[in-house]
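The values are calculated or read from the model by the stated rules, or taken from the named source; none is laboratory data. Here the structure is a predicted model, which means the values were calculated and not measured. Ideal geometry is used to build each Cβ from the backbone, glycine not excepted, and the neighbour counts take in all protein chains shown. Ligands, DNA and RNA are stripped out before the accessible areas are found, and what is left, the full protein with its side chains, is counted by its heavy atoms. Shrake-Rupley method; radii C 1.70, N 1.55, O 1.52, S 1.80 Å.
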Amino acid sequence: MSAISPSPAEPAPIPVVVAGALGRMGAEVIKAVVAAPDCTLVGAIDTTPGREGEDVGLALGLGELEVAISADFEGSLCQAGQAVRQSGPGGGAVLVDFTHPSVVYEHCRGAFAYGVHPVIGTTGLRPDQLADLAAFAEKASMGGAVVPNFCVGMVLLQQAAAAAARFYDYAELTELHHNRKADAPSGTCLKTAELMEELGKTFNPLQVEEHESLAGCRGGLRESGLRLHSVRLPGLVAHQEVMFGSPGETYTLRHDTIDRSAYMPGVLLTVRKVRRLGGLVYGLERLL
């Protein structure tokens with residue numbers, strides 16, 4: 001009778017640290033990570049006064065998770081990096097960051113420095129900062145991802161907008177978010193404009209000498225001629241519209257995020273792929 005071959009060992013769950021753990025996006029990420037069988041929550045970072053030391057699961061109504069909330073960003077990354085000593089493709093812990101534009105650059109650099117793969121959902125990084133982080137990732141030989149929007153539907157909108165830009169010379173973009181979003185325009189809207197601009201064309205040639213009686217009412221003007229408009233109101237989540245115009249017609253693309261759970265499939269996909277990347281990628285479309 002032949003011996004039964006041992007089954008291959010199950011891969012270890014992906015260790016995940018969440019920064020901005022008590023925020024609306026951070027809380028959704030923790031719920032998704034806890035529910036994913038191939039992920040394990042190893043850290044929860046949040047600077048909300050008076051919450052340090054609480055069990056993050058109890059704080060979010062998920063039951064006890066035995067992961068304490070910490071305000072020490074570097075300490076949490078150091079602990080995660082030391083606990084996971086795997087090297088090479090497929091190893092290491094992952095940081096998912098939904099914090100604030102004022103700290104996201106340092107958070108991303110810090111993650112690379114401690115050997116933790118960053119997945120950045122916080123928007124507001126400047127082009128020069130992205131370039132610097134890409135160089136840092138290459139030097140560290142580590143994968144990372146900066147994703148302005150984790151919705152697959154938004155990726156489809158962006159691809160459709162880039163295709164439509166070939167045929168229309170007039171276009172304006174409007175993004176609408178809740179009134180607690182710190183940066184404007186959104187990173188998603190900027191990314192959409194950048195994809196449209198890859199054609200190298202100029203949009204919206206002037207037909208009349210414009211005058212704003214209220215400064216800024218025509219939106220932000222990019223070098224390409226595209227105009228971007230931002231709306232901030234309570235009750236909104238995240239919405240974007242790209243409107244194209246030509247004689248006798250308009251063509252409108254719109255995406256509406258009704259609930260933040262819509263982002264979680266994209267977040268988990270990125271968490272699962274980031275450790276196998278050879279450097280920093282920008283945009284969910286690079287991972288699909």
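Brief remarks on what is shown
- Residue count for the stretch 117-155 satisfying the condition of being open to solvent by 10 Å² or more (accessible area, probe 1.4 Å) and touching a Ser or Thr at 6+ places or on another chain (Cβ under 7 Å): 4.
- Residue match in the stretch 86-108 (condition: closer than 30 Å to Phe244 by Cβ and either surrounded by fewer than 16 Cβ atoms within 10 Å (Cβ to Cβ) or free of Cβ contacts under 8 Å to residues at least 24 places away in the same chain (or both)): yes
- Inter-residue pairs, beta-carbon under 7 Å, first touching a residue at least 40 places away in the same chain (Cβ under 8 Å) and closer than 20 Å to Val94 by Cα and in the stretch 33-55, second of a type in the set (A, V, I, L, M) and surrounded by fewer than 18 Cβ atoms within 10 Å (Cβ to Cβ), 6+ apart: Val42/Ala83
- Some residue of the stretch 32-45 being surrounded by fewer than 17 Cβ atoms within 10 Å (Cβ to Cβ) and hydrophobic (A, V, I, L, M, F, W, C): yes
- Subset of the stretch 157-166 that is free of Cβ contacts under 8 Å to residues at least 60 places away in the same chain and open to solvent by 30 Å² or more (accessible area, probe 1.4 Å) - its residue that is farthest from Val237 (Cα to Cα): Arg166
- When residues of the stretch 172-194 are limited to those that are small (Gly, Ala, Ser) and surrounded by fewer than 22 Cβ atoms within 10 Å (Cβ to Cβ), the one nearest to Gly121 (Cα to Cα): Ala182
- Hits in the stretch 195-227 - residues which are open to solvent by 60 Å² or more (accessible area, probe 1.4 Å) and closer than 14 Å to Ala165 by Cβ: Glu198, Leu199, Gly200, Thr202, Arg222
- Pair list, Cβ < 8 Å and 6+ apart or interchain, from the stretch 11-22 residues that are at positive phi to residues that are small (Gly, Ala, Ser): Gly20/Gly26
- The stretch 244-266: number of residues that are crowded, with 17+ Cβ neighbours inside 10 Å, among the aliphatic types (A, V, I, L, M) and out of contact with any helix residue (DSSP H, G or I) (no Cβ under 7 Å at 6 or more places or on another chain): 1
- Lone qualifier among Gly153, Gly124, Gly92 - being closer than 24 Å to Leu195 by Cβ and in contact with a His (Cβ under 6 Å, 6 or more places away or on another chain): Gly153
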